[in-house]
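**Student:** Sending over a structure as structure tokens; questions will come in a sec.
The values are calculated or read from the model by the stated rules, or taken from the named source; none is laboratory data. Given the structure is predicted, the values throughout are model-derived calculations rather than measurements. All Cβ positions, glycine included, derive from the backbone under ideal geometry; neighbour counts span all protein chains shown. In case anyone asks, the SASA skips ligands and DNA or RNA and just uses the protein heavy atoms, side chains included. Shrake-Rupley method; radii C 1.70, N 1.55, O 1.52, S 1.80 Å.
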Amino acid sequence: MGQVIVESTQKYLPILRVTLGFMFFSAFIRRAINVPAKLNPSSSAYVGGKLITFLPHAWAPIKGTLVYVLQNPSLLYEFIILFTALEAIFGLFMILGFLTRLSGFVIAILAWGIGAAAGWLGSTCVDEWQIAAVEGAAAFMFMFTGSRWLSIDQILAKKYPKGVKLGKLYIPLW
């Protein structure tokens, strides 16, 4: 692989990449470390309660999934743990610039899933919608561009110019 020139505009993308990754990784920190009661179904702080407030506004097909997990509390708990784990893993991957394209895809799905779950809550409370729109768009951008500078992908691209192979697919690093 020849020398790759990093354009000057690409040198600023790590700021967005680290910020986006931190938005997701910090959700894990808030739930698992700062306020572990958020992951405790017996607690009044349990995150499952927030999903109940999403239900009237949720969009299909997310609404059907919400109804199903809310009607099955053991699945709700597993869903919240899985969602929190995905936020931690792929948020950290995005911060580090590791498998940035895959991380961008997963984070876009998570962000837009949150937006579809919250639905449009009206003009008085658009936080979830705004956050989901911006995070999803930024994640989608990284899915297409990858991480070019100050990233683990930059280092790995020298060793794996075709990308990392997962199954029969190659995930381009650069």
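**Student:** Tell me the net charge near Ala157. Cut-off is 12 Å between Cβ atoms, Ala157 excluded, with +1 for each Lys or Arg and -1 for each Asp or Glu.
**Tutor:** Net local charge, Ala157 excluded: +4.
**Student:** Can you grab the distance from the C-alpha centre of segment 66-113 to the C-alpha centre of segment 131-174, Å, no decimals?
**Tutor:** So the separation of the two Cα centres works out to 18 Å.
**Student:** Here's a follow-up. Once amide H atoms are built 1.01 Å from N in the peptide plane, which residues 5 or more positions from Val164, or in another chain, come under 5 Å H to H?
**Tutor:** Ile171, Leu173
**Student:** What helices in the chain pass both tests, a Cα length along the helix axis of 15 Å or more and a mean Kyte hydropathy of 0.5 or higher, using whole DSSP H runs? List each step's numbers first, then the result.
**Tutor:** Values: long enough: 13-29 (23 Å, 1.85); 73-96 (34 Å, 1.90); 100-118 (26 Å, 1.53); 127-145 (27 Å, 0.73).
What comes out of the filter, once short or polar helices are dropped, is 13-29, 73-96, 100-118, 127-145.
**Student:** Whole number in Å², please: accessible area per residue of segment 81-142, 1.4 Å probe, ligands, DNA and RNA not counted.
**Tutor:** Per residue, segment 81-142 has an accessible area of 42 Å².
**Student:** Between Tyr68, Ser103, Phe24, whose Cα lies farthest towards the positive end of the dipole of the chain when Lys and Arg beta carbons carry +1 and Asp and Glu beta carbons carry -1, centred on the Cα centre?
**Tutor:** The residue sitting most towards the positive pole is Ser103.
**Student:** Here's another thing I want to ask about it. Please give the net charge around Leu169, taking every other residue with its beta carbon less than 14 angstrom from that of Leu169, where Lys and Arg add +1 and Asp and Glu add -1.
**Tutor:** Combined, the nearby Lys, Arg, Asp and Glu give +4.
**Student:** To the nearest 20 debye, what is the magnitude of the charge dipole of segment 8-171 about its Cα centre, counting +1 on the Cβ of each Lys and Arg and -1 on the Cβ of each Asp and Glu?
**Tutor:** Once rounded to the nearest 20, the dipole reads 680 debye.
**Student:** Would you mind calculating the relative contact order of the chain from Cα pairs under 8 angstrom and at least 6 residues apart, reporting the percent as a whole number?
**Tutor:** So the answer I get is 25 percent.
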